[in-house]
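Please see the structure below; I have some questions.
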Amino acid sequence: MIDLPAADRHHLLVTGATGLLGSYLVRDLLLDGQPLAVVVRRSRRESPEARVERLVARWEHELGKRLPRPRVFAGDLTKPRCGLADADLDWIGRHCSGLLHNAASLSFRGSDRAAEPWLSNVTGVANMLAVVRAADLEHLHHVSTAYVCGLRIGTVAEDDLMVGQDFGNDYERSKVEAEAMVRAAEGPATTTIYRPSIIVGDSHTGFTSTYHGLFAVLRLGHTLQTKVALGTTSGPALLRLLGIDPANHKNFVPVDWVSEVIAHCVQRPEARGRTFHVTHPEPVSNVAIGTLVQEAVERFSRAASPDDPQRCDEQWFADNLAAQLDVYRSYFRNDPTFDRTNTEAVAGHLPCPTLDHPRLMRMARFAIDEDFGRAPRLSPRAVGAVPGAASSPAG
Ligand SMILES: NC(=O)c1ccc[n+]([C@@H]2O[C@H](COP(=O)([O-])OP(=O)(O)OC[C@H]3O[C@@H](n4cnc5c(N)ncnc54)[C@H](OP(=O)(O)O)[C@@H]3O)[C@@H](O)[C@H]2O)c1
């Protein structure tokens, strides 16, 4: 390795590269020519290096072009200084000028602060801030969530944080604490915050690697269709059963657009120091979600057969549902209006693709074809176009 003087700090340190949003950020930043270093933990089967190699190779396959490799550091947010060795910190200090902290636990429930989501989201942020100080990183970028607003209604400004609001779950509480710690951090010259709303699949291919939110309700409809011989599934009836108000709206954003906006802002000096609501200007109504679930499971899920020995009865479904009702309700409560002044000012030329029925159907089909992450998957692939689906993103 060639030693570089401190002036050559061109790399951006990124966390959460192996996650849904992180994998797109890696793609977009590498395509923009931004040299990257990533902090990645081992998985059960693979080393951090192998995970990153698989991720970059997957994009190369999809894009049909070579990409540079990020420098990989084995690290875990839950460990002091994220488990990075002195030599790692030395390299980061000499080569990196900023951190894009995107890693987080998306566990919704857990009051034990020694477990998730607190461990990665609060202790993990404290550990990451120690890395920022040790490596003297100048620019801090943090991926928060629009739902730091908790249960607020009305209009939420991009700079609002703790205004006495209540929260829907422990994940939101942990993310609000994390954002407060990041804002208060001493050391970096600038701190920039990105607050996406609910991230769904890729607007072009339907690809996703996580199945929260929209996909959780879809999965419920799919389970009903495939395991319980009830006859025709009714999406609107399912929403009623879940206590989801059809008059409410949810703010979904496609992962490729969220990444495009963040990658753009990270590289623009005029974006530094601001907070961005990376949210959709046109939320989706719960009525549209009900229709989507119904149509998607009727078209793409195999219907339960009365002769199937694996078939479950309605009581099984009701019991399983009861255990998870509060999670669904906290997800599908009404959203406030997220003010987008900063996002419009810096990334207004990157319009968010319309989440119309054909595009949402493509995402639903991907999730069902992948059996919500249970089917073995080596690479993201475009889902064959749903008849009538838009073939290119709006804008
Ligand atoms: N998904 C949404 O709807 C949504 C909405 C708003 C904001 N966000 C925010 O967006 C960011 C990315 O979310 P996502 O949807 O891409 O989640 P994701 O797919 O679950 O990815 C999470 C990433 O964080 C890493 N990570 C978690 N805990 C870690 C730890 N202790 N040490 C090291 N790495 C750790 C994971 O690594 P492994 O692969 O090793 O697990 C993974 O790379 C998060 O900050 C999240 O809060 C997400």
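Test Thr232 against the stated conditions and say whether it is among the polar types (S, T, N, Q) and at pLDDT 80 or above.
The answer is no for Thr232.
Would you be able to tell me the number of residues in the range 135-151 that are more than 18 Å from Ser107 (Cα to Cα) and either within 15 Å of the ligand (Cβ to nearest atom) or crowded, with 18+ Cβ neighbours inside 10 Å (or both)?
So the count comes out to 6.
So Gly110 fits all but one of (1) more than 14 Å from the ligand (Cβ to nearest atom); (2) over 27 Å from Gln267 (Cα atoms); what number is the exception?
That leaves (1) as the condition not met.
Against the definition (in a helix (DSSP H, G or I), within 12 Å of the ligand (Cβ to nearest atom), modelled with pLDDT of 95 or more and polar (S, T, N, Q)), how does Ser23 come out, yes or no?
Here the answer is yes, as Ser23 does meet what is asked.
Out of (1) within 11 Å of the ligand (Cβ to nearest atom); (2) surrounded by fewer than 24 Cβ atoms within 10 Å (Cβ to Cβ); (3) at pLDDT 90 or above; (4) not polar (S, T, N, Q), what's the single condition that is false for Asp256?
Every condition holds for Asp256 apart from (1).
Quick check on the range 60-77. Is at least one of its residues within 11 Å of the ligand (Cβ to nearest atom) and within 18 Å of the chain's Cα centre (by Cα)?
Checked against the condition, which is being within 11 Å of the ligand (Cβ to nearest atom) and within 18 Å of the chain's Cα centre (by Cα), the range 60-77 yields at least one hit.
When only residues in the range 26-42 that are surrounded by 18 or more Cβ atoms within 10 Å (Cβ to Cβ) and assigned to a helix (DSSP H, G or I) count, which is farthest from the ligand (Cβ to nearest atom)?
Filtering the range 26-42 for residues that are surrounded by 18 or more Cβ atoms within 10 Å (Cβ to Cβ) and assigned to a helix (DSSP H, G or I), the one farthest from the ligand (Cβ to nearest atom) comes out as Leu30.
Step by step: first the residues of the range 78-100, then only those that are among the charged types (D, E, K, R) and part of a helix (DSSP H, G or I), then the one that is surrounded by the most Cβ atoms within 10 Å (Cβ to Cβ). Which residue is that?
In this case the residue turns out to be Asp88.
To continue, here is another question. Output the number of the condition that Ala304 fails; it satisfies all remaining conditions of (1) part of a helix (DSSP H, G or I); (2) over 22 Å from Ala157 (Cα atoms).
(1)
The values are calculated or read from the model by the stated rules, or taken from the named source; none is laboratory data. It should be emphasised that the depicted structure is a prediction, and the values quoted were computed from it without experimental measurement. Virtual Cβ from ideal backbone geometry, glycine too; neighbours counted across all protein chains shown.
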